[in-house]
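Visitor: There's a structure below that I have some questions on.
The values are calculated or read from the model by the stated rules, or taken from the named source; none is laboratory data. Quantities reported herein were computed from a predicted structural model and do not represent experimental measurements. With ideal geometry, Cβ positions are generated from the backbone for all residues, glycine too; neighbour counts draw on all protein chains shown.
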Amino acid sequence: MSNTEEIVNSSKWFNEVSADEMPSRLSGFVYFLVCAMPVFSAIAFGAVDTWAMGVLAFFAGLIVVFWLTDAFFKKELRFNSNALQIPLLALILIGLIQLLPLRHSGVAADLLSIPAATSLSLAPYSTRLAVVQLIIYLIFFAAALVFINNRKRLRISVLTIIIFGSMMAFFGITQRLANPEAIYGFRPPGQAIPFASFINQHHFAAYMEMTIGLTLGLLFGKSAEKQKKLLLIIAAVLMGIAILLTGSRGGLLSFLGVLGFILTANLLERRKKREDSEIAESVYRRNFAFIAGGLALILGLFGAVILLGNDESLLRGVGLTNMQDFSTGRTHFWQIAIKIFLDYPILGAGLDAFGTAFTHYDSWNGIFRVEQAHNDYLQILADAGLFGFACVAAFIYLLFRRSLQVVEKTTNRFRRDVAIGALAGCFGILIHSFFDFPLRTPSNALFFLTLTVLSTVSIIYPKSNRKEGRNKAVG
């Protein structure tokens with residue numbers, strides 16, 4: 001696939017968007033909403049509440065209205081044919097099939113005051129909400145692919161994520177040190193342990209993994225100017241400290257995965273550019289400094305957390321506390337997820353139906369109600385069966401394939417650094433998903449889709465700027 005956006009002119013009303021055209025005011029409104037949705041969701045406690053999801057649905061509706069209105073005035077409906085949209089659409093289709101009344105309830109009608117559910121999903125109401133949520137994600141994703149279509153918007157999107165991520169990290173650090181009883185002073189977290197605006201500190205760690213990935217991508221890349229790298233270092237340190245303060249084991253492991261991914265990607269790029277022994281020697285020195293910088297960042301973050309007096313969070317993150325149950329019950333949840341999958345192997349028990357199905361398989365005393373499997377991959381098997389897992393696997397495959405093509409073929413340094421950093425952030429949360437359910441938090445899902453766009457979308461750079469991009473940062 002070419003690095004430039006393909007423009008399909010076979011129909012006047014259906015065209016791929018060109019990055020060189022002057023964006024309209026309506027296009028600007030859509031782009032603003034695309035930037036606002038992830039930011040709002042993070043501020044609104046991760047958008048885990050029904051009211052917050054309602055606001056996101058309203059934003060998605062505005063996107064559709066502005067998008068179609070823009071198409072009406074321009075006499076063409078712009079879209080992006082990125083194949084990553086297909087797995088999301090397929091998951092929505094699976095959810096709709098699960099809502100069909102194709103299952104016999106097995107309960108006599110005279111025993112219930114209301115009719116028993118006969119859908120394929122064991123929890124039709126939860127599945128219905130999951131489908132609505134996926135539709136919101138698909139609208140957001142499709143719009144982002146279309147309207148993040150030029151270098152200016154690419155740069156704004158990147159700066160928004162890094163600056164907002166830094167502010168959230170600083171807020172989370174000060175909150176943890178102050179140890180308030182409620183988020184923003186009025187929202188009690190319940191039984192969960194909050195961090196910043198997130199109800200669950202582990203999901204905040206996942207959010208930081210994505211923002212620090214983009215930050216480190218620019219920091220270790222070649223596009224950022226020296227005076228700007230100091231700001232990137234400050235942002236990366238804040239995000240790193242916030243991750244460690246959460247005490248999340250999955251968060252720490254994922255952070256190391258993000259850093260390792262970025263170091264490896266940049267080392268491989270430098271290795272390709274060796275031409276003679278003199279250059280090779282210079283590259284070796286740079287590589288050594290590169291790796292040393294990564295190790296210094298890790299040691300510096302650990303030292304900062306210790307100085308802040310949060311040794312307990314750090315020890316928990318590296319697994320040196322609570323050794324009596326290192327998995328904190330996860331192995332039990334995973335076993336049940338496998339049992340549910342084996343009983344519903346094709347289409348699963350229903351999207352978001354794990355909490356309902358869990359009660360039938362739980363061998364514990366039943367005091368606690370477990371809503372998630374604490375492993376997104378096992379839960380998609382339980383919720384959507386082999387077809388749902390195939391959708392997730394296809395999305396991940398297409399994400400890495402397309403992103404690596406962008407990294408390899410682009411001639412613009414800023415674009416390459418953004419692609420590497422965004423893909424590293426995605427890689428980090430995909431690692432975290434083995435131990436938790438970070439992508440079940442709407443704000444994390446929206447930021448993940450945003451990074452997917454930043455790592456895969458094609459940006460057209462004018463020919464006059466492509467040569468310039470090799471010598472300085474061109475966004």
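Visitor: Starting from residues that are out of contact with any Lys or Arg (no Cβ under 9 Å at 6 or more places or on another chain) and not in a helix (DSSP H, G or I), keep the ones in the stretch 408-456 and report whichever is farthest from Ala52 (Cα to Cα).
Guide: Per the criteria, the residue is Phe434.
Visitor: Right, here's the next one. If Glu181 satisfies all but one of (1) out of contact with any Ser or Thr (no Cβ under 7 Å at 6 or more places or on another chain); (2) among the acidic types (Asp, Glu); (3) surrounded by 15 or more Cβ atoms within 10 Å (Cβ to Cβ), what's the number of the condition it fails?
Guide: (3)
Visitor: When Gln133 is evaluated against the numbered criteria (1) at pLDDT below 95; (2) under 29 Å from Ser443 (Cβ atoms), which criterion, by number, is the only one it fails?
Guide: (1)
Visitor: While we're here: Residue pairs, Cβ under 7 Å, 6 or more apart or interchain, first in the stretch 157-179 and touching a residue at least 24 places away in the same chain (Cβ under 8 Å) and basic (Lys, Arg), second buried (at least 17 other Cβ atoms within 10 Å of the Cβ) and part of a helix (DSSP H, G or I). List them.
Guide: Pairs that qualify, where the first residue is touching a residue at least 24 places away in the same chain (Cβ under 8 Å) and basic (Lys, Arg) and the partner is buried (at least 17 other Cβ atoms within 10 Å of the Cβ) and part of a helix (DSSP H, G or I), are Arg176/Leu245.
Visitor: Take Ile161 and decide whether it is buried (at least 23 other Cβ atoms within 10 Å of the Cβ) and either of a type in the set (Val, Ile, Thr) or out of contact with any Phe, Trp or Tyr (no Cβ under 9 Å at 6 or more places or on another chain) (or both).
Guide: Yes; evaluated as a whole, the condition is true for this residue.
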